[in-house]
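Novice: One structure coming up, written as structure tokens, with questions to follow.
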Amino acid sequence: MMTDALPEKSSCAHRIAMWSGPRNISTAMMRAWGNRPDTLVCDEPLYAHYLFVTRKPHPGMEEVIAAGEIDWRKVTDWLTGPVPEGRSIFFQKHMAHHLLPDMEREWIGRLQNVLLVREPREMLTSLVKTTPDAGLEDTGLPQQWELFEWLRDRTGEAPIVIDARDVLENPRGMLEVLCSRLGVTFTDAMLAWPPGPRSTDGVWAKHWYHEVEKSTSFRPYKPKDEAVPDRWRGLLQDCNAIYARLHEVRLTL
């Protein structure tokens, strides 16, 4: 059940929730924030609940469920509670499609929310290779638009929207303006990080993070020429319609 009143945000710490879809630069963004000494990051904390409910055949599904918390209320209490380890910033990497319809949304109003989007053709050509039965809900775009409208209508302020291509084309510029909007100080530590895994990575890292573990910075943007197969053209059109609305209001330099 939703209410019109939202809890007040704490003025003592920044709880930044970045809501992405799959096949985006969300893990690289987690690396950038995790390289800050004042920041603790968490990796897809609602994933176990999502898999427990949906039983989606993701790699390592049972391991993810066993390692995580399946009660979303306990997860959201942690996400909105005291910032762990006394840090001043708590960066939360979320997948927007992990927000299932029966989950309440009020707790999200206590966070500083950022929507991370990617051009649908480039996203889908990658997604359908790993999730050939993907539907619109699996892209995270409907959930991102729902979040945009919900936060805008209830707080009077729309969440920040950033586009992956803008970040890859100008990491420093985009991270500087993002930090400014969030009210935190930008640091060069966000632009380069050591390679390898992190203790904060989810147990699913061995299935998905091979390239990120080799990275030391944001890789320059390279356009993809690959076409979306015909069977997913309808899905591409649906994705484009939502993406266009979010892209129009994205954060720019």
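The values are calculated or read from the model by the stated rules, or taken from the named source; none is laboratory data. Being a predicted model, the structure only gives us computed values, none of them experimental. Please note: Cβ atoms are built from the backbone with ideal geometry, for glycine as well, and neighbour counts cover all protein chains shown.
Novice: Looking at the range 113-121, is at least one residue in contact with a strand residue (DSSP E or B) (Cβ under 7 Å, 6 or more places away or on another chain) and more than 20 Å from residue 236 (Cβ to Cβ)?
Specialist: yes
Condition check ((1) within 15 Å of residue 54 (Cα to Cα); (2) without any contact (Cβ under 8 Å) to a residue 40 or more places away in the chain; (3) surrounded by fewer than 21 Cβ atoms within 10 Å (Cβ to Cβ); (4) touching a His at 6+ places or on another chain (Cβ under 9 Å)) across all residues:
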site: 72; (1), (2), (3), (4): yes, yes, no, yes
site: 85; (1), (2), (3), (4): no, no, yes, no
site: 94; (1), (2), (3), (4): no, no, no, no
site: 101; (1), (2), (3), (4): yes, yes, yes, no
site: 108; (1), (2), (3), (4): no, no, no, no
site: 116; (1), (2), (3), (4): no, no, no, no
site: 119; (1), (2), (3), (4): no, no, yes, yes
site: 131; (1), (2), (3), (4): yes, no, yes, yes
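Novice: What residue, of 182, 141, is surrounded by fewer than 21 Cβ atoms within 10 Å (Cβ to Cβ) and among the aliphatic types (A, V, I, L, M)? Outline the logic, then answer.
Specialist: Details: 141 fails: surrounded by fewer than 21 Cβ atoms within 10 Å (Cβ to Cβ).
Exactly one residue qualifies, and that residue is 182.
Novice: Let me ask another. For the range 40-59, which residues satisfy the criterion of being in contact with a strand residue (DSSP E or B) (Cβ under 8 Å, 6 or more places away or on another chain) and not in a strand (DSSP E or B)? Talk me through it step by step, then tell me what you get.
Specialist: So in the range 40-59, the residues in contact with a strand residue (DSSP E or B) (Cβ under 8 Å, 6 or more places away or on another chain) come out as 40-47, 50.
If the condition is that a residue be in contact with a strand residue (DSSP E or B) (Cβ under 8 Å, 6 or more places away or on another chain) and not in a strand (DSSP E or B), then 44, 45, 46, 47, 50 are the ones that fit.
Novice: Looking for something in a helix (DSSP H, G or I), under 17 Å from residue 30 (Cα atoms) and touching a Phe, Trp or Tyr at 6+ places or on another chain (Cβ under 6 Å) - is there at least one such residue anywhere in the range 202-210?
Specialist: Looking through the range 202-210, none of the residues is in a helix (DSSP H, G or I), under 17 Å from residue 30 (Cα atoms) and touching a Phe, Trp or Tyr at 6+ places or on another chain (Cβ under 6 Å).
Residues checked against (1) modelled with pLDDT of 95 or more; (2) assigned to a loop (DSSP other than H, G, I, E, B); (3) surrounded by fewer than 17 Cβ atoms within 10 Å (Cβ to Cβ):
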position: 146; (1), (2), (3): yes, no, yes
position: 166; (1), (2), (3): yes, no, no
position: 189; (1), (2), (3): yes, no, yes
position: 195; (1), (2), (3): yes, yes, yes
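Novice: Given the conditions (1) closer than 22 Å to residue 167 by Cα; (2) assigned to a loop (DSSP other than H, G, I, E, B); (3) not acidic (Asp, Glu), and given that residue 82 satisfies all but one, which numbered condition is not satisfied?
Specialist: It fails just one condition, (1).
Conditions (1) of a type in the set (D, E, K, R); (2) part of a loop (DSSP other than H, G, I, E, B); (3) more than 17 Å from the chain's Cα centre (by Cα); (4) crowded, with 16+ Cβ neighbours inside 10 Å, marked per residue:
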| site | (1), (2), (3), (4) |
| --- | --- |
| 216 | no, yes, yes, no |
| 234 | no, no, yes, no |
| 246 | no, no, no, yes |
| 252 | no, yes, yes, no |
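Novice: Exactly one condition in (1) farther than 20 Å from residue 130 by Cα; (2) more than 18 Å from the chain's Cα centre (by Cα); (3) not acidic (Asp, Glu) is not met by residue 52; state its number.
Specialist: (1)
Novice: In the range 9-19, how many are outside any loop (DSSP other than H, G, I, E, B) and either at pLDDT below 95 or in contact with a His (Cβ under 7 Å, 6 or more places away or on another chain) (or both)?
Specialist: Looking only at the range 9-19, we keep the residues that are outside any loop (DSSP other than H, G, I, E, B), and these are 14-19.
Checking the rest, the ones that are also either at pLDDT below 95 or in contact with a His (Cβ under 7 Å, 6 or more places away or on another chain) (or both) come to 17-19.
Number of matching residues: 3.
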